[in-house]
Every structure is written in structure tokens, then in C-alpha cells.
1. Which of 48, 339, 165 sits closest to the plus end of the dipole of the chain, meaning its Cα is farthest towards the positive end, when Lys and Arg get +1 and Asp and Glu get -1 on the C-beta?
2. Grab the DSSP H runs of the chain that are 4 residues or longer, score each as -39,500 (n - 2.57), total them, divide by all residues and round the 222 nm result to the nearest 500 deg cm²/dmol.
3. Which of the helices in the chain meet the span-like rule: DSSP H, Cα axial reach of 15 Å or more, Kyte-Doolittle mean at least 0.5?
4. Towards the positive end of the charge dipole of the chain, with charges on Cβ (+1 Lys, Arg; -1 Asp, Glu), say which of 80, 267, 135 has the farthest Cα.
5. Check the straight Cα-Cα distances from residue 201 and name the lysines below 24 Å, setting aside those fewer than 8 residues away within the same chain.
6. Counting only other residues whose beta carbon sits under 15 Å from that of residue 214, what net charge do I get with K and R as +1, D and E as -1?
7. Which value, in debye to the nearest 20, describes the size of the charge dipole of the chain about its Cα centre when Lys and Arg Cβ atoms bear +1, Asp and Glu Cβ atoms bear -1, and nothing else is charged?
8. Summing +1 for each Lys or Arg and -1 for each Asp or Glu, what net charge is found among the other residues whose Cβ lies under 12 Å from the Cβ of residue 188?
Amino acid sequence: MDNNATTKVADEVFEAMVPYFREYYGNPSSMHTFGSQVANKINTAREQAANSLGVSPSEIIFTSCGTESNNTAVRGVLNSNPEKKHIVTTQVEHPAILALCKHLAKKGYEVTELRVDKDGGLDLDELKNSIRDDTALVTIMYANNETGVLFPIEEIGKIVKEKGALFHCDAIQAIGKIPVSLKNSTIDLLSVSGHKLHAPKGIGMLYIKKGVRLSPLLLGGHQERNKRAGTENVPYIIGIGTACEQISENIVEEQTRVKALRDKLEAGILDAVPQILLNGVKNERLPNTSNISFEHVEGESILLLMSQVGIAASSGSACTSGSLEPSHVLTAMGVPSVTAQGSVRFSLSKYNTDEDVKYAIEKIPPIIQRLREMSPFWNKNQQ
Ligand code: PLP
């Protein structure tokens, strides 16, 4: 139940990749048939990726991961527009955007981080007022990795376009979980990561709308139409292409099933455990994600005990130098630090079953009860 961290490589994806390690191992840039047949397969993968987003294959480049896609988009736009020194983002982005923006702030850029309300939503008037003449880029995520909260991306994009800035969207948690089409979209650049959608770790892609100027992050050969140098990771590109094709075919029915499982998990825990908070539920959310704060317990302890009975989930807090820092996402939503520290993220995939959910509902309540009984702050009468 930790699929927002990473997913299992689908069998179909793995099977499609295998021949490209040993049989078809030519360099796609080579002039001989051994290379060009591989180049043709990369083109097919690019078409599969493009079709799944409703864009043209020439608008897709392959990268090594979601983090690289985000860095390429943000740095590439800034380097192509050196006269513009302002970036707008939100307080709840993934570190692959936030750490980059903090670095850029040290290098002389001005960064506006938009706040969210208690349900994880954005104030679109605040967004409108934050975009200036010197704003190069607005970078806002599609779906939050910790809470699953969805931002109204096309509404956001409309505002960004009216104000004349470029719009990058980190859609790494959205792709594969909800249908996303970029046909007639306001998005200029969109990041995707393979390992969140049943392709392997170490492959990502970036959509760059036709006409958007972008300096490459990596300089070298002419691969990816001069936008990302380096010999292509052929098997992984075939893998992400196949995964994208699978999404296009099956997303609605699969995600309806996943949402039913997630809702059952939430209802089961809510029924059996007092004093809990479901974070972000008043907003539209990803169908697979549930973020639950358990009062008077630490998230890390819950994770440990769950792990002992074979349940994998995660907490938003980062263990830095021995002190537990609460999740920046929950903190931005105004969740008090002690409550945020008792938070656990469950994230399902198409491979989870009804039995998994039943098992979790049976195992989790006694774990919370046990931990609360050890807590000096837990008063049994609170039940
Ligand atoms: N952005 C979001 C929203 C994510 O959830 C993640 C991974 O958790 C990333 C970026 C980074 O992606 P990758 O692990 O492919 O570098």
C-alpha cells in the first residue's frame, strides 16, 4: 500500500523490455540496420507515450526520471528567458521542485510559494495576483503525492496563460491514476515518471508543447532532438512506452476498482479507530491515495508495526538528524505538528486486492490501540 512511492513493473512492460537488453542492443544513432531497427522501436514508444497524452510524438522527450524532467523544464525555461527572474510555485510541491526553487532563490531568482487552505486547495485569486511581467514560469503539481489532492490544473493554466507566463505541471502522481489529456490544454510542459506507472525506476519523460523554447540540461550528442543528450536508455524507453499504452486502454475501469478499495479501507479504519483525521478529503483526490492522521501516535511507530505484519505504507515526515520533522504538505495545510507526525499515507495500485484491504482493516486498529496505550498523552476515556 505504498504505490505513490513506487509501483511494480507490469508483466507486459517487462516482457516488452527484455529483447532490448540482449537481442536488439544496437545504438539507435548508428547507421546500420542493427541500430535503426532500435531507433524505430524508440519512435513507436514515443508514439505510445504521445497518444496516451493526446499530443504529438515530437512533443515528448525521454529523461532518466521525474526529477530530471522537472529540472529540465524549470531550468530549461529559465535559461531560455534570461530576462525573467520570477517563478511561482506552491508550498506543497515535491522536493524535486521545492529544493530546486530554493536553490534558484539562492542564485538570484525570486520565488513565490503559494499557500494552500486546510483542505489542501489553492486560492486562485492569490495565484492571479502573484504572476508578474517578469514571471518566467508557474510550476504547479497535478496531484499531491502525500494527500492525493488534485489541483484544478486547466483553470490554473488559463490564469497563467492570461498573464503571459509559461506553465509547467509536475503530473508524476497523476499519470496512470486519472485520465489526463493535453488536447487543447493550457499546459506548456508536463513531467512524467516511469516508476509511478508500472514501468521501471530510472526512466521519465517530459512533454514540451510545440513552440516552447527550452535550453537543454545535458549537453552532448544530438539525441532527443538536441533537448537531452546521452545515448538513449532503450529498454526502459520501450518499457515506459508500453506502460503508457496500457494506461490508455484500461485506466477508467481499473481506477474505479482501486477507488472502491481505497474508500473501503478509509471506511474500515474510520469505523474502528477513534480520533483520526482524513487529510484532504474535502477536495477532489486521486482514487488510490489516503492520508490519515492518527492522534497521539507517531507515524514512524505505526509504519514499523505495520511492516512487521507485512503492510507497507509511508509517512510524510522526514527523519532528519534524529528529529522527526512533520510533513511540509500537512504543515502547509495547517495540521498541527503533533497531529502531522501521526500521519500515514496509504496508496494502492491495480495489483491490490480486496483481501489486502480486509487484512489492513483487521491489523491496523489493534496497532493504533497498542501504541496509544504506550503514549503518556493518550487518555483511555477519549475513546
Ligand atoms: N514529483 C512528484 C509529485 C513525485 O511524487 C515524485 C516521486 O515521488 C517526483 C516528483 C520524483 O520522481 P522520480 O522519483 O522519478 O525522480
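1. Projecting each Cα onto the dipole axis, the largest value belongs to 165.
2. That comes out to -13000 deg cm²/dmol.
3. Details: long enough: 33-53 (30 Å, -0.49); 66-80 (21 Å, -0.55); 95-106 (16 Å, 0.93); 234-272 (49 Å, 0.07); 354-374 (31 Å, -0.60).
Answer set is 95-106.
4. 80
5. Straight-line reach from residue 201, under 24 Å: 8, 41, 177, 227, 350.
6. Taking every Cβ under 15 Å from that of residue 214, the sum is +4.
7. Computed charge dipole of the chain: roughly 740 debye.
8. Working: positive: 161, 209, 210, 213; negative: 59.
After counting each charged neighbour, the total is +3.
The values are calculated or read from the model by the stated rules, or taken from the named source; none is laboratory data. Keep in mind that this is a model prediction, so the values were computed, not measured. Virtual Cβ from ideal backbone geometry, glycine too; neighbours counted across all protein chains shown. Please note that ligands, DNA and RNA were not included when accessible areas were found on the heavy atoms of the full protein model with its side chains. Shrake-Rupley method; radii C 1.70, N 1.55, O 1.52, S 1.80 Å.
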